Amino acid sequence: GENVEQHPSTLSVQEGDSAVIKCTYSDSASNYFPWYKQELGKGPQLIIDIRSNVGEKKDQRIAVTLNKTAKHFSLHITETQPEDSAVYFCAAPPGNGQNFVFGPGTRLSVLP
Amino acid sequence: EAQVTQNPRYLITVTGKKLTVTCSQNMNHEYMSWYRQDPGLGLRQIYYSMNVEVTDKGDVPEGYKVSRKEKRNFPLILESPSPNQTSLYFCASSLRGGGTEAFFGQGTRLTVV
């Protein structure tokens, strides 16, 4: 089955710096790669996603890049702000697309 | 407003007393799922359902039951709760499984004493 790894598990950056979180997956048939943000006391919420026919997608300060050959995708946050502090999860469905497989999460702290 | 609603938000119960956590979605989604979240262990899937009357085990199904009699509801049942089921629980739904966006409920914090 699909195995999703995520690194680093914790990340601290200074406000204004960039943050990068990387996920690797095992099922080469996976074709949808979302990132979720979980703020304290809330459920995870989708912030950006990418499909396998696209190499990069941007939405203001966040971007996701995909390398299908190497089976990894990354979340990039530029000009970080304190409100970016949260736990971030990547996910990659197995090739049949039936279920979700989440990475273990990355706790991002943006220091003022 | 499109949403996934879980109830209750907080629950303290005693070992062995059956309980049900309800989950309802108003988006006509086919897929629903339950997760538990424990410190350092991420989101672990308990059960999921691809449609009405179709359910399957996730990674940690022991001690839990689910049912999907209607498309909008996916209750989680703990027949005989134990302290190791103390956790934060999330329900999620998506239009059609892992290839579409997942919408999460606000979570249920369960304590079993």
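The values are calculated or read from the model by the stated rules, or taken from the named source; none is laboratory data. These figures come from a predicted structure and were not determined experimentally. Note that each Cβ is placed from the backbone with ideal geometry, even for glycine, and that neighbours are counted across all protein chains shown. When the accessible area is computed, the model is the full protein with side chains, heavy atoms only, and any ligands, DNA or RNA have been set aside. Shrake-Rupley method; radii C 1.70, N 1.55, O 1.52, S 1.80 Å.
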*For region A:6-46, which residues satisfy the criterion of being farther than 30 Å from B:ARG9 by Cβ, at pLDDT below 95 and open to solvent by 60 Å² or more (accessible area, probe 1.4 Å)?*
A:SER28, A:ASN31
*Mind checking which pairs have a first residue in region A:3-31 that is away from every other protein chain (no Cβ under 12 Å) and a second that is surrounded by fewer than 13 Cβ atoms within 10 Å (Cβ to Cβ) and charged (D, E, K, R), Cβ under 7 Å, 6 or more apart or different chains?*
A:GLY16/A:GLU79
*With respect to B:THR13, determine if the residue is open to solvent by 30 Å² or more (accessible area, probe 1.4 Å) and polar (S, T, N, Q).*
no
*Would you check which residues across region B:1-45 are in a loop (DSSP other than H, G, I, E, B), of a type outside the set (Lys, Arg) and more than 21 Å from B:GLU62 (Cα to Cα) and list them?*
B:GLU1, B:ALA2, B:GLN3, B:PRO8, B:ASN26, B:MET27, B:ASN28, B:HIS29, B:GLU30
*Any idea how many residues of region B:57-94 are within 14 Å of chain A (Cβ to nearest Cβ), more than 16 Å from B:CYS23 (Cβ to Cβ) and in contact (Cβ under 8 Å) with a residue 40 or more places away in the chain?*
0
_Looking only at region A:75-96, filter to residues that are polar (S, T, N, Q) and open to solvent by 10 Å² or more (accessible area, probe 1.4 Å); which one of those is nearest to A:GLU15 (Cα to Cα)?_
A:GLN81
